[in-house]
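The values are calculated or read from the model by the stated rules, or taken from the named source; none is laboratory data. Predicted, not measured: the structure shown is a model, and the values here were computed from it. Reconstructed Cβ throughout: ideal geometry from the backbone, glycine too, with neighbour counts over all protein chains shown.
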Amino acid sequence: MTAQEAHGGDDESAAVGSPAGPGAPLDEPRPLQPLSRVVYLVAAAVFALLMALSDRYGFHRDELYFIVGARHLQASYVDQPILTPLITRISLGLFGTSLAGLRLWPALAVVGTVILGGLLAREFGGGRTAQILSALGVATSGVVLGSGHLDDTTIYDILAWGGLALVAARVGRTGNTKLWLIGGLVLGLGLANKHSIGFFALALFAGILVSRGGRQVVLNRWLLAGAVLAALFTIPDLWWQAGHDWATIAMTKRLNQENGGLGNIPTFIVGQLTVANVGLIWVWIAGLRFLWKSGRPAWRGLAWAWAVLLVFFALTSGAKTYYLAGAYTYLVAAGAVSVEGWLTAVRRRLVIELAVMGVAVLIGLLIALPVLPVRDINPIRPIDADEAETVAWPVYTREIASVWHRLPAWQRASAVIFTADYGEAGAIDVFGPSMGLPQAVSGHNTMWWWGPGNPHATTVVAVAPGPLDVTNYGGYLRQFFRQVRVAATLTNHLEIKAQEQGGHVYICTQPRHPWGQMWPRLRHDD
């Protein structure tokens, strides 16, 4: 660290290294290079691709849930804090219930993430080739593309991780600890979207602290001020959780039981090889080594954070391989800097690397984005089920409406529609009004807190997914009703293996207790 850096300077020409080969540490000083314009072109290209595909197939179940959540805007939710529903609410106000309008925002988040990839490579000392390679690496990640196609929390989480990593990289290069204030702002916005960035922040802090020279980087008033700033963003979430039995903690425990454990550790470890573009596996591994050997505590802290969270998420959430996706933005960037000299020394090396990445992204596009004809997506479902969950929601809703309208008017007057999960309830609330359906109620996650509808209902039209997800739902309903019969079987008429395919619509009568009294027993957070 130079004397200028030690005194908190932030000169853009501060010395950074120029590695000589794959995984080489920083050793030769040179000024930061300007950010290549190609980085912006890469970001623009992926934005154009995402928007071109934005209205393919249909809404995802999570998007339907966020639309309903946006219409019931509140301080927080069982599943996540407020930011994504708030963005959805803004989108509904601007564009109405539009797929392209809804998916504009995650596409913009991808643009920001791609540019962050270039900026991180620049911050680590990379030249034009490293910046472009890093941006391409982010833009061709299957997780980034897939999550950037849907209005969901994941892409905003990846963006926030990249932003916090950029702050840490800048602190590591310049020694300017005042930048932790910006880090606190980024962390706060990230926590308003999803809690996982909090684990990243804690692991980063611990990693810097145990690194040589790290105490002065993190044990200062600027980091404390940044932490306080971040904490302010969590107040609405904490206030809501305190008034709702800390529901997110209960849900997290249940999900950890389902997705964690020793049996899922191999799934998580192997899954990390596919989070980034598989053609860049060797690059991000080189980036890990680059950060570790950098001699800068903040940069080494980024390496520590990946290692600590790899173990933590493998044990607690092994089936969710994308939970660590945000780390690969900075690992790929660091790796691109590490291997830049080696790749550019012989032109053929760079050509081969780009060709391998190109083949990988073509395969990834078929899996992560809706490029196939809808009838041909069954083979990719075992790899990525998201596309199958965007098909036929209006069809399912019409099938439910058919059952509803077959009920006599007097019976509908004291009936409610109850769904097993939020996707079905969301579809009914979004598509149902034009079909004459009332709003649905559900015991799933936040929807349970919105109540049972008519607490004196004597008929319940219940909807449950198909055998992929739920079996013997009729037996479950018979715990609450003396008469339960199947009135319809859900089908998308495409034989797509989605969760609702083969599900049932039940007519339930003769409740064993008043509907409102049974409501607490119908809650499930998962």
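Residue-wise test of (1) on the phi > 0 side of the Ramachandran plot; (2) in contact with a Gly (Cβ under 6 Å, 6 or more places away or on another chain).
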| residue | (1), (2) |
| --- | --- |
| Ala413 | no, no |
| Phe418 | no, no |
| Glu424 | no, no |
| Leu437 | no, no |
| Ala440 | no, no |
| His444 | no, no |
| Gly453 | yes, no |
| Pro465 | no, yes |
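Kindly check whether there is at least one residue in segment 434-441 that is of a type in the set (A, V, I, L, M), modelled with pLDDT under 95, buried (at least 21 other Cβ atoms within 10 Å of the Cβ) and outside any helix (DSSP H, G or I).
Taking every residue of segment 434-441 in turn, none turns out to be of a type in the set (A, V, I, L, M), modelled with pLDDT under 95, buried (at least 21 other Cβ atoms within 10 Å of the Cβ) and outside any helix (DSSP H, G or I).
Mind checking whether some residue in segment 483-493 is closer than 30 Å to Leu73 by Cα, surrounded by fewer than 21 Cβ atoms within 10 Å (Cβ to Cβ) and either under 34 Å from the mean Cα position of the chain (by Cα) or among the hydrophobic types (A, V, I, L, M, F, W, C) (or both)?
The answer is no, given that none of the residues of segment 483-493 is closer than 30 Å to Leu73 by Cα, surrounded by fewer than 21 Cβ atoms within 10 Å (Cβ to Cβ) and either under 34 Å from the mean Cα position of the chain (by Cα) or among the hydrophobic types (A, V, I, L, M, F, W, C) (or both).
Could you tell me which of the residues Ala360, Ala345, Ala334 is of a type in the set (A, V, I, L, M), modelled with pLDDT of 95 or more and either assigned by TED's automatic domain parsing to the domain that holds Ile132 or surrounded by 15 or more Cβ atoms within 10 Å (Cβ to Cβ) (or both)?
Within the list Ala360, Ala345, Ala334, the selection yields Ala334.
With the structure loaded, tell me whether Leu73 is at negative phi and either aromatic (Phe, Trp, Tyr) or not in a loop (DSSP other than H, G, I, E, B) (or both) or whether it fails that test.
Against the criterion (at negative phi and either aromatic (Phe, Trp, Tyr) or not in a loop (DSSP other than H, G, I, E, B) (or both)), Leu73 does not qualify.
Where residues in segment 374-402 are more than 26 Å from the chain's Cα centre (by Cα) and surrounded by fewer than 17 Cβ atoms within 10 Å (Cβ to Cβ), which of them is farthest from Ser442 (Cα to Cα)?
Arg375
Give just the number: which of (1) at pLDDT below 95; (2) in a loop (DSSP other than H, G, I, E, B); (3) over 27 Å from Gln80 (Cα atoms) does His456 not satisfy?
(1)
Considering only residues that are under 20 Å from Val275 (Cα atoms) and small (Gly, Ala, Ser), which ones fall in segment 151-189?
Across segment 151-189, the qualifying residues are Ala160, Gly162, Gly163, Ala165.
Return the total of residues in segment 272-309 being surrounded by fewer than 20 Cβ atoms within 10 Å (Cβ to Cβ) and farther than 16 Å from Ala334 by Cβ.
Of the residues in segment 272-309, 4 are surrounded by fewer than 20 Cβ atoms within 10 Å (Cβ to Cβ) and farther than 16 Å from Ala334 by Cβ.
Mind listing just one residue for me: the one in segment 435-477 that is β-branched (Val, Ile, Thr) and closer than 16 Å to Thr489 by Cα and, of those, nearest to the chain's Cα centre (by Cα)?
Val470
Go through segment 213-237 and count every residue that is buried (at least 17 other Cβ atoms within 10 Å of the Cβ) and either over 17 Å from Gly198 (Cβ atoms) or modelled with pLDDT under 95 (or both).
Here the count works out to 3.
Counting only residues that are β-branched (Val, Ile, Thr) and under 22 Å from Ala276 (Cβ atoms), how many does segment 363-412 have?
Residues meeting the conditions: 5.
Checking Arg173 against (1) outside any helix (DSSP H, G or I); (2) over 21 Å from Ala325 (Cα atoms); (3) touching an Asp or Glu at 6+ places or on another chain (Cβ under 7 Å), which test does it fail?
Only one criterion in (1) outside any helix (DSSP H, G or I); (2) over 21 Å from Ala325 (Cα atoms); (3) touching an Asp or Glu at 6+ places or on another chain (Cβ under 7 Å) is unmet by Arg173, namely (1).
Please go through (1) part of a helix (DSSP H, G or I); (2) under 23 Å from Val470 (Cβ atoms); (3) not assigned by TED's automatic domain parsing to the domain that holds Ala487 for Ile428 and return the number of the only condition it doesn't satisfy.
Result: Ile428 fails condition (3) only.
Which of the residues that make up segment 158-210 are at pLDDT below 95 and among the β-branched types (Val, Ile, Thr)?
Thr174
State which residue is nearest to Thr88 (Cα to Cα) when the search covers only segment 181-201 and only residues that are more than 19 Å from the chain's Cα centre (by Cα) and of a type in the set (A, V, I, L, M).
Leu185
Answer yes if at least one residue in segment 204-218 is under 18 Å from the mean Cα position of the chain (by Cα) and of a type in the set (Lys, Arg), and no otherwise.
Within segment 204-218 (the criterion being under 18 Å from the mean Cα position of the chain (by Cα) and of a type in the set (Lys, Arg)), the answer is no, since none of the residues qualifies.
Against the conditions (1) closer than 30 Å to Gln241 by Cα; (2) touching a helix residue (DSSP H, G or I) at 6+ places or on another chain (Cβ under 7 Å); (3) touching a residue at least 60 places away in the same chain (Cβ under 8 Å), where does Ile496 fall short? Just the number, please.
Answer for Ile496: the failing condition is (1).
Any chance segment 395-409 includes a residue that's within 28 Å of Trp240 (Cβ to Cβ) and either in contact with a Leu (Cβ under 6 Å, 6 or more places away or on another chain) or acidic (Asp, Glu) (or both)?
No, every residue in segment 395-409 fails to be within 28 Å of Trp240 (Cβ to Cβ) and either in contact with a Leu (Cβ under 6 Å, 6 or more places away or on another chain) or acidic (Asp, Glu) (or both).
For segment 329-423, give me every one of the helices (runs of 4 or more DSSP H) that falls completely inside it and has 2 or more residues that are touching a helix residue (DSSP H, G or I) at 6+ places or on another chain (Cβ under 8 Å).
347-368, 393-406
Among the residues that make up segment 444-467, is at least one of them among the β-branched types (Val, Ile, Thr), within 21 Å of Leu64 (Cα to Cα), without any contact (Cβ under 8 Å) to a residue 60 or more places away in the chain and in contact with a Phe, Trp or Tyr (Cβ under 9 Å, 6 or more places away or on another chain)?
Scanning segment 444-467, I find no residue that is among the β-branched types (Val, Ile, Thr), within 21 Å of Leu64 (Cα to Cα), without any contact (Cβ under 8 Å) to a residue 60 or more places away in the chain and in contact with a Phe, Trp or Tyr (Cβ under 9 Å, 6 or more places away or on another chain), so the answer is no.
Has segment 369-376 got at least one residue that is within 30 Å of Leu136 (Cα to Cα) and in contact with a His (Cβ under 9 Å, 6 or more places away or on another chain)?
yes
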